[in-house]
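The values are calculated or read from the model by the stated rules, or taken from the named source; none is laboratory data. Remember, predicted model here, so these are calculated numbers, not experimental data. Cβ sites come from the backbone with ideal geometry, for glycine too, and all protein chains shown count toward neighbours.
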Amino acid sequence: MMPLEFYRNIPQKECCQCGVKMVEQHESYHNECEHCLSKVEE
């Protein structure tokens, strides 16, 4: 398996609170989506 193929096969990140598929940011290590994060901050 080529290294690039390995990274393409990694499943998309999901929010651990609501399960929505997230668009992952390379500098972010959050496990919650923006919607769930905004609920926590309130």
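Quick one: count up the residues across the range 9-23 that are of a type in the set (Val, Ile, Thr) and within 8 Å of the chain's Cα centre (by Cα).
First pass over the range 9-23, keeping only residues of a type in the set (Val, Ile, Thr): 10, 20, 23.
Cutting the leftovers down to within 8 Å of the chain's Cα centre (by Cα) gives us 23.
Residues meeting the conditions: 1.
Taking the residues in the chain that are of a type in the set (Lys, Arg) and modelled with pLDDT under 90 as candidates, determine which candidate is surrounded by the fewest Cβ atoms within 10 Å (Cβ to Cβ). Steps first, answer last, please.
Quick first cut of the chain, residues of a type in the set (Lys, Arg) only: 8, 13, 21, 39.
Filter again for modelled with pLDDT under 90, leaving 8, 13, 39.
On the way: Arg8: 8, Lys13: 16, Lys39: 10.
If we take residues in the chain being of a type in the set (Lys, Arg) and modelled with pLDDT under 90, then Arg8 is surrounded by the fewest Cβ atoms within 10 Å (Cβ to Cβ).
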**Request:** Report, ordered by the first and then the second residue, all pairs with beta carbons closer than 8 Å, sequence separation of six or more or different chains, a first member in the range 7-24 that is closer than 23 Å to Lys39 by Cα, and a second member that is surrounded by fewer than 12 Cβ atoms within 10 Å (Cβ to Cβ) and among the polar types (S, T, N, Q).
**Result:** Lys21/Gln12; Met22/Gln12; Glu24/Gln12
